[in-house]
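The values are calculated or read from the model by the stated rules, or taken from the named source; none is laboratory data. Values in this document were obtained by computation on a predicted structure and should not be read as measured data. Methodologically, a virtual Cβ is constructed for each residue, glycine included, from the backbone with ideal geometry; neighbour enumeration extends over all protein chains shown.
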Amino acid sequence: MGGVSGVEGEGGPGARLGVVLAVVALAQFMVSLDLSVVNVGLPRIGAGLGFGAVGLTWVIHAYALTFGGLLLLGGKAADRYGRKRVLLFGLALFGLASLAGGLARDPGQLVAARAAQGVGAAALAPAALALLTATFPAGRPRVRAFGVWSATNAAGGALGVVIGGLLTQYAGWRWVMFVNVPMAGCALALAWRGVAGGRPAGRGGRPDLLGAALATSGMVLLVFGVVRTDRYAWTSAVTLTTLAAAALLLAAFVHVERTTAREPLIRPGLFANRSVAGANLFNLLVGAAMTPAFYFLSLYVQQVLGTGPALTGAMFLPFTFVLVAGTVLAVRLGYRLAPRSLLVLGGLLTAAGLAWFGLIGPDGSFAADVLGPSVVAGTGFGLCLGPVVSVATAGVASHEAGAASGLLNSSRQIGASLGLAALGTAAHHRTGRSTSLAALTDGYALGLTVGAGLLAAAALVALTVLRRTSPAVRAERAADRGPLPVRD
């Protein structure tokens, strides 16, 4: 396994590479799983705890917003205090919050537990990804390592629907929370014994806690304002005031990041890197499309097609299989094609799949309305996962690896929450007060079709913003001759 960094503690030769990869893969699988494992259980969660139709989306928002809003702080903490230390903290908090969520007795307790899960994920995800980046910095080992990472990331998100369905039907919805506890414990034990501590990559000023609070609260208010348009019109005083307050908080965040005497969560100059800027915009659009897609499809299969939770989960297995196959294909193509080409191809394929999903009807079936689109969308999505991570962290200084990793994860989660808020609200407006199968299907189809448009926009971003860099195999051959060749 050549190309392993000999500096910066965790990336040094003393680290057991297989254990590092196993810890990172398990941590990412758990984080991705938690984004989708609750989807199939939402109807029973709502009935069991008394959630309203729109309020139920906060089971997803609470996790996605704290996760996305605090990821930059998590990445900065990993750079300053050490990746292993922050990873252990995140794993412990995630496991405890999952236990608390499984024991929840009212909506407020479950939403609070989901928010705490997001805080834990915001600590562990960037620390794990920065650890992977430092351990496998270049060449074929990096391509293979990110292939494993992207496969577990894909499998976690896709298998979450399957696992959630089985647990909800045969063990009860509370087990969609409890399932994380043993995984967190296993990853914690592996990281404690198998990951070298090392020195932190950077020891700058203290992380900007005010900036983190402003970013998170601004995003929460923004999503809250969009979601509440089911009760208050876009032009109402309530909605306009909420959105204005969100804009002020986010503007204050930008100002603080530029002027703070502390270590900013994200150095503004980092966005001058076209790879970083383009990859994060691509990731935000993908998150805004795919999270609502899982949400709408889970509800369509259960509420329109009348399928039980376990069988609903099984219907997502083809998507899971081709998603993992897509990540494997991306590794093989990564030796021949530039990452930008894979992102364009993957984005367009996924857009085509969601557009096909948008043709669902109230008298549909699994074979006609779910299977075919799953194969197309799953393949395309799998092609995107590894390359976007590699692009977003390539050329970033070691002391900013955690921040860049946190930014990438943050863009996906913020996109997920904004997309679910906007597309969910649009679908609710399209459905109106009708509870007929035709009306429900019409709303879900609208959300899926708009998601296809967002993915097409993501492919356009990859084509126009990202630079055409060399494939991994040529980059490895050129490693001894200097920097990677880059063509505009």
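Quick rundown of the values:
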quantity	calculated
Cβ-Cβ under 9 Å pairs, at least 6 apart or on other chains, region 45-70 side assigned by TED's automatic domain parsing to the domain that holds residue 294 and at pLDDT below 80, far side surrounded by fewer than 17 Cβ atoms within 10 Å (Cβ to Cβ) and not in a helix (DSSP H, G or I)	54/231
Filtered residue count, region 320-368, keeping only those that are of a type in the set (Gly, Ala, Ser) and either under 13 Å from residue 384 (Cβ atoms) or free of Cβ contacts under 8 Å to residues at least 40 places away in the same chain (or both)	10
Test result for residue 92, crowded, with 23+ Cβ neighbours inside 10 Å and not β-branched (Val, Ile, Thr)	no
Single residue of region 262-288 satisfying the filter (β-branched (Val, Ile, Thr) and part of a helix (DSSP H, G or I)) that is nearest to residue 342 (Cα to Cα)	286
In region 26-70, the residues that are over 11 Å from the mean Cα position of the chain (by Cα), polar (S, T, N, Q) and in a helix (DSSP H, G or I)	57, 66
Any pair with Cβ under 8 angstrom, 6 or more apart, that starts in region 291-306 at a residue that is outside the structural domain of residue 41 (by TED's automatic domain parsing) and ends at one that is not in a helix (DSSP H, G or I)	none
Qualifying residue in region 168-185 (condition: of a type in the set (Ser, Thr, Tyr), surrounded by fewer than 24 Cβ atoms within 10 Å (Cβ to Cβ) and in the same structural domain as residue 331 (by TED's automatic domain parsing))	yes
Test for residue 455: is it at pLDDT below 85 and buried (at least 24 other Cβ atoms within 10 Å of the Cβ)	no
Yes/no for residue 24 being at negative phi, in contact with a Phe, Trp or Tyr (Cβ under 7 Å, 6 or more places away or on another chain) and at pLDDT 75 or above	yes
Residue in region 246-261 that is outside any helix (DSSP H, G or I), closer than 30 Å to residue 24 by Cα and modelled with pLDDT under 75 present	no
